[in-house]
Amino acid sequence: MPRPRLLIFCLLLVALVVAGESRAAQAAASPSWKQVGEKYCFSCHGAEKQKGDFDFRPYAEKGFTADERKAWEKIAELLESREMPPPKAKVRLPEEQRDSLVQWIDAKLAGSEAGQKNPGRVTLRRLNREEYRNTIRDLLAVDFDPSDFPSDETAFGFDTIADVLTIPPLLMERYLAAADEIVAKLLGGKKSAPPSESFRRIFTKLPDAGAEGKVARELLAAFVPRAYRRPVSAAEIERFGTLVDAALAEKAPFTEAMGVAVQAVLCSPHFLFRWELDPDALKPDPVRNLNDYEIAARLSYFLWSSMPDAQLTDLAARGELLKGDTLRREVARLLADGRAQAFVRNFSSQWLQIRAVDEVEIDEKKFPKFSAKLREAMKEETRLFFAAILREDRSLFDLLDADFTFVNQQLAEHYGLTGVSGAEFRRVQIPHGSPRGGVLGQGSVLLATSMPTRTSPVIRGKWVLEQMLGTPPPPPPANVPPLEETKVDKDASLRVRLEQHRANADCAVCHDKIDPVGFTLENFDAIGAWRTQEGSNRIDASGKFADGTVVEGVAGLKEYLKSEKFARAFAQKMMTYALGRGIERADKSSLDAVQKQVAAGGYKMSALIAAIVTSDPFLKRKRDVAR
């Protein structure tokens, strides 16, 4: 073919391909939800039936709307999990169409507003109890115990979630009393006493006669920005300065007058909350970059559960936090600091749900070897183990299957490990073939997922699905009797009794997914000791999972979990903890990017943390509604 004709042919071919892609994109961008509903959905979620109290018709008529995003997220999840249409449906939804529908919903949820993806928005976030205590420590060098504060609410498994960190009246009373107590400590125990060393570290000089007001404002100009974790205006400083003036006018000593201002700062919403308010919310751009101070606070509360230190604040002031590799270097610095133990303690205990260990009241007649000291040893093992994974920058998969752990003599004997004596914890190698490597074989996890008198494959299976795979089962239907109330053979093994329990069709919907996973941990008894028998019945620790995989015991479960599914679920848990909000369908592309970076970084902990703090949801926010 002559060259000009060949060129024209190629151009025509490209045009046809582009046109085809455009038509395909248009089709994918605007599926006929009404036709989809009529063919696959309305028989169960339409005029005659509304299973699960859900009528799909209004959504199919209107298509996606932003105010109904939660419903569309659920629709996408049900389609993606293949729960809807159910496998037994008469008319099967083709996989290609299913994928297309899910992609369309995800694109809508991601929200290409003004050409930018939606990074999400975090509600104004209160300091939780741990953050309050650590912030007081780092701001004022005062050790304050907030244990009489009301317990923090949790959501998505964590107590860092902004939406549930409200201020009930009782907490406000506690804040007022706490501010008074903290200032008393700052002033040396009594407001009339000489200032403590703590005081002189924060307020670096005392005034000459007649200069009290001027010096007070100088000291406040240095203190208030640290307390607020951002620059402050002259007007803000002046408001506190007038409190000092008023106290001085009442003949209060200078230190006591300054204490009044400090109390006011500690009760301010700007101290008690982590503010990320949009200064120009009326602008049309729906997404904004967080400023350096806001990012510094996000980073320090993520890894330290406390305020930014002087170096982070200085970088923010110079606008250098996001330049080059500075943010990644700061991550490494913060993790190497002793204050990172707060991350080890708070994240690991909540991810693994081992705070529940203290709530399990083990029947000591049935388990005479159990004691409060053993319970504490189990918790310490997990803390030391997670700290080592983090410190040594090991693979995420080492959390599941490692060749070492930390034990003292009591815990070693409980596990059947030899060569350990004394109450001191030490690092030990796990013998080849031992089930103890990784969190699945640790007593804290096994105890937290048990009942007082027996194991619970249901609790353990649900725990694995939710914490390890990120696929929590739905809540149980109403009016389903617990296992003990069903008519089963009391002498049968727990496995057989659960199988009889699943004969109830309402139970089987969830238990067919949960129980087989929990069975793989049945070689561990309620307090985490290894066993091969349950009474007169030999333990069968096999399970056929929902995807058809047959898994044998804890070793098989570890191998099953060492996959992209676990890496993604773990990344999602850590992002939730770091962001202070739940991860939504709109975050899917950001989570995909994080997962890709983690894989490229060899699945190391440092790769995950760096990927999270450099992600759009961490560095940006969707603007608040215009005020």
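The values are calculated or read from the model by the stated rules, or taken from the named source; none is laboratory data. Not measured: the values here are computed from a predicted model. Virtual Cβ from ideal backbone geometry, glycine too; neighbours counted across all protein chains shown. SASA here: full protein model, heavy atoms, side chains in, ligands and nucleic acids out. Shrake-Rupley method; radii C 1.70, N 1.55, O 1.52, S 1.80 Å.
Taking the criterion of being part of a strand (DSSP E or B) and free of Cβ contacts under 8 Å to residues at least 24 places away in the same chain, the only residue of region 426-440 that qualifies is Arg426.
Conditions tested, residue by residue: (1) open to solvent by 10 Å² or more (accessible area, probe 1.4 Å); (2) touching a residue at least 60 places away in the same chain (Cβ under 8 Å); (3) not in a loop (DSSP other than H, G, I, E, B).
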| site | (1), (2), (3) |
| --- | --- |
| Ala252 | yes, no, no |
| Ala261 | no, no, yes |
| Val265 | no, no, yes |
| Asp285 | yes, yes, no |
| Arg288 | yes, yes, yes |
| Ser305 | no, yes, no |
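Screening the candidates Gly518, Gly580, Gly528, Gly543 for the property of being under 27 Å from Ile75 (Cα atoms), open to solvent by less than 10 Å² (accessible area, probe 1.4 Å) and in contact with a Phe, Trp or Tyr (Cβ under 9 Å, 6 or more places away or on another chain) yields one hit, Gly580.
The helices (runs of 4 or more DSSP H) found wholly in region 161-235 and carrying at least 3 residues that are open to solvent by 80 Å² or more (accessible area, probe 1.4 Å) and at pLDDT 95 or above occupy 169-186.
Looking only at region 35-77, residues that are at pLDDT 80 or above, within 17 Å of Arg98 (Cβ to Cβ) and surrounded by fewer than 16 Cβ atoms within 10 Å (Cβ to Cβ) come to 4 in all.
Against the conditions (1) modelled with pLDDT under 95; (2) open to solvent by 60 Å² or more (accessible area, probe 1.4 Å), Gly437 satisfies every one except (2).
If you go through region 446-464 and pick out every residue that is closer than 29 Å to Lys588 by Cα and open to solvent by less than 20 Å² (accessible area, probe 1.4 Å), you end up with 4. The single residue among Arg129, Arg137 that is within 21 Å of Glu173 (Cβ to Cβ), at pLDDT 95 or above and in contact with an Asp or Glu (Cβ under 7 Å, 6 or more places away or on another chain) turns out to be Arg129. Among all positions in region 84-93, there is no residue which is open to solvent by less than 40 Å² (accessible area, probe 1.4 Å) and under 30 Å from Leu352 (Cβ atoms). One residue stands out among those in region 546-570 that are modelled with pLDDT under 95 and small (Gly, Ala, Ser): the one that is most open to solvent (accessible area, probe 1.4 Å), which is Ala546. Can you say whether Leu465 is within 19 Å of Trp530 (Cβ to Cβ), of a type in the set (A, V, I, L, M, F, W, C) and either in contact with a helix residue (DSSP H, G or I) (Cβ under 9 Å, 6 or more places away or on another chain) or without any contact (Cβ under 8 Å) to a residue 60 or more places away in the chain (or both), as far as the supplied structure shows? No: the conditions fail for Leu465.
For region 342-371, a residue qualifies if it is closer than 16 Å to Thr160 by Cα, open to solvent by less than 80 Å² (accessible area, probe 1.4 Å) and either without any contact (Cβ under 8 Å) to a residue 12 or more places away in the chain or of a type outside the set (Ser, Thr, Tyr) (or both), and the qualifying residues are Ala342, Phe343, Val344, Asn346, Phe347, Gln350, Trp351, Leu352, Gln353. Among residues that are buried (at least 20 other Cβ atoms within 10 Å of the Cβ) and in a loop (DSSP other than H, G, I, E, B), Asp401 is included.
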